[in-house]
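Worksheet: the structure to be examined is printed underneath.
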Amino acid sequence: MNIKASNIDKQDLKNRETPSSNAEKVTRRAFHQKVGGAIGALSGFYFLPALAEKKLEKPTVAGIGIGGKGASDLAGAKNAGFEVVALVDTFDTTKFASDDRRVQRIDNSRKLYQNASFYLDYREMLHEMGDKVDAVTVSTPDHHHYHASALAMQAGKHVYCQKPLTHGIWEARSLADLTQKTGVKTQMGNQAHAKDHMRRCVELIRAGVIGKVREIHAWTNRPIWPQGFASPPKAEKIPAGVDWEQWIGPAQWVDYSPKIAPFAWRGWWEFGTGALGDMACHIMDMGYWAMQPETGRYLAPTSVVAKQQGATDFSPPINSIITWNFDESPYATSEGFKFHWYDGYVNAKFDRESWQLKKESDEYNHPNSEILDGMSFKDFGSVIIGEEGKLFFNRSKKKWVLKTSNKIDEFQWPDPSIARAREEDSYKEWSDAIEGKIEQSESNFNLAGPMTETILLGVLAQRQPNEKLSWDPQALEVRDRPELSKWIRREYRDGWTL
């Protein structure tokens, strides 16, 4: 029996004085001399509960990273009622011109929010702006997510951070803990989490519409950027206006090249998390959320293994298939369930001369025909398989498909149990939490943290292909593999060390 369904249920502070440009009250040299070690080590800020507990009619926001996804995050925050008072980016586009559309988006943000103060360093921004900022969006490359978010949270700022929540597993656990300790309102940028049809499918799976779950499959065509290279590109002169020292931040040093920034960093182990880190927080979201216990919300795998093509010491694989084993979930079979991930074009290769991926066909990794059961892999992004049927889901489409047994006739369709986001908008849901209209947005770091841990465990498995890694979530370690701890809690550069 096939059932096609769409979502079936719906549910000013006083004017602040905002400087038109960075007044440089503290020069960069003086700033770092004054607070360098402490602020860079995340101990220079202390939690300020008065900021987080304010009842805000029109909260102010600072954008950390303002090109690419940062531009859309600022637009989303503004549309949700925030006043943009500060911008942070390592590319100062007033000092150079570029025809790169991502650099142009940085310049567009500068022009759009002309009255906002501009900074190259988010540590300086947090130090100088103080309580003029109520919240931040973090839209940097992955390797800055933790530091920018943790500093802001410790300073009492609410945080909207892009996916993946962090670059490393320990960092994800740490941000979830900080959410509890600080009480700030948090949200990870997997926007479809706010959609009604995702929340309805979670309710249905938990209610048993396909019976107990035994398998979940999720897939993407990414990477679409350079990935799988064996050595760095040739170093080039740093353009005027680019603060490469700050761009590298806590990561290990690599000489500047436009083949790294502003976009291709995703294909570097040191700065990004590859196709898995980029897309899994979107595509694995519904399945993972559905399997999470409603109380406690912590769901951890017991093991993971990755099969792949094209990984190197510098870069994630060109394509991969990853399997996590989960022993327990109230919605799984007694044997637990498996979560499978597929990414990348099947016949793609990295071309060093053009510094691009070259693909021989448009076929990308996906489940086999038995799992797809006649459905097109290009129309959906995941399928949840239970003892009584399958649910096919695409985060971008309102329609989902059930293939079930005749037991569907006995199924009691559940009432909505997950609160719906205002206008199905993740920024408005975050704003509602900040203003005290709801307790927390649904993709807050308490939920996003464990899912990010699971995804980043897959990233770790990609660095040890074809090896089954047994995971101890309490100790945050791979059992009997202490040498892997360096990738669970990475070493930061001087000035950024915890």
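The values are calculated or read from the model by the stated rules, or taken from the named source; none is laboratory data. What you are looking at is a predicted structure, and each value in this text was computed from that prediction instead of being measured. Neighbour counts are summed over all protein chains in view; Cβ atoms, including those assigned to glycine, are modelled from backbone coordinates with ideal geometry.
For region 361-394: of the residues being closer than 18 Å to Arg206 by Cβ, touching a helix residue (DSSP H, G or I) at 6+ places or on another chain (Cβ under 8 Å) and of a type outside the set (A, V, I, L, M, F, W, C), which is surrounded by the most Cβ atoms within 10 Å (Cβ to Cβ)?
Looking at the filtered set, the residue picked out is Ser382.
Would you kindly identify the strands (runs of 3 or more DSSP E) lying entirely within region 291-355 that contain at least 3 residues that are farther than 21 Å from Lys468 by Cβ and assigned by TED's automatic domain parsing to the domain that holds Lys212?
349-351
Which fully enclosed strands (runs of 3 or more DSSP E) of region 85-165 have 1 or more residues being small (Gly, Ala, Ser)?
Result: 117-119, 135-138.
Considering only region 209-220, I want to know if a residue exists there that is surrounded by fewer than 23 Cβ atoms within 10 Å (Cβ to Cβ) and either small (Gly, Ala, Ser) or not assigned by TED's automatic domain parsing to the domain that holds Ile434 (or both).
Scanning region 209-220 turns up at least one residue that is surrounded by fewer than 23 Cβ atoms within 10 Å (Cβ to Cβ) and either small (Gly, Ala, Ser) or not assigned by TED's automatic domain parsing to the domain that holds Ile434 (or both).
When you scan region 444-453, how many residues do you find that are farther than 10 Å from Leu165 by Cα and crowded, with 24+ Cβ neighbours inside 10 Å?
1
Please find, among Ala461, Ala433, Ala475, the residue that is over 27 Å from Thr182 (Cβ atoms) and aliphatic (A, V, I, L, M).
Result: Ala461 is the single residue among Ala461, Ala433, Ala475 that is over 27 Å from Thr182 (Cβ atoms) and aliphatic (A, V, I, L, M).
Any idea which residue in region 314-325 is farthest from Gln474 (Cα to Cα), counting only those that are surrounded by fewer than 22 Cβ atoms within 10 Å (Cβ to Cβ) and in contact with a Ser or Thr (Cβ under 9 Å, 6 or more places away or on another chain)?
Ranking the candidates gives Phe314 first.
Within region 156-186, track down each residue that is closer than 20 Å to Leu484 by Cα and charged (D, E, K, R).
Glu171, Arg173
Every residue in region 265-294 that is among the hydrophobic types (A, V, I, L, M, F, W, C), surrounded by 24 or more Cβ atoms within 10 Å (Cβ to Cβ) and touching a Pro at 6+ places or on another chain (Cβ under 7 Å), please.
Ala275, Cys281
Out of region 356-373, which residues are outside any strand (DSSP E or B) and modelled with pLDDT of 95 or more?
Across region 356-373, the qualifying residues are Asn365, His366, Pro367, Asn368, Ser369, Glu370, Ile371, Leu372, Asp373.
Looking at this structure, is Ser470 modelled with pLDDT of 95 or more and small (Gly, Ala, Ser)?
yes
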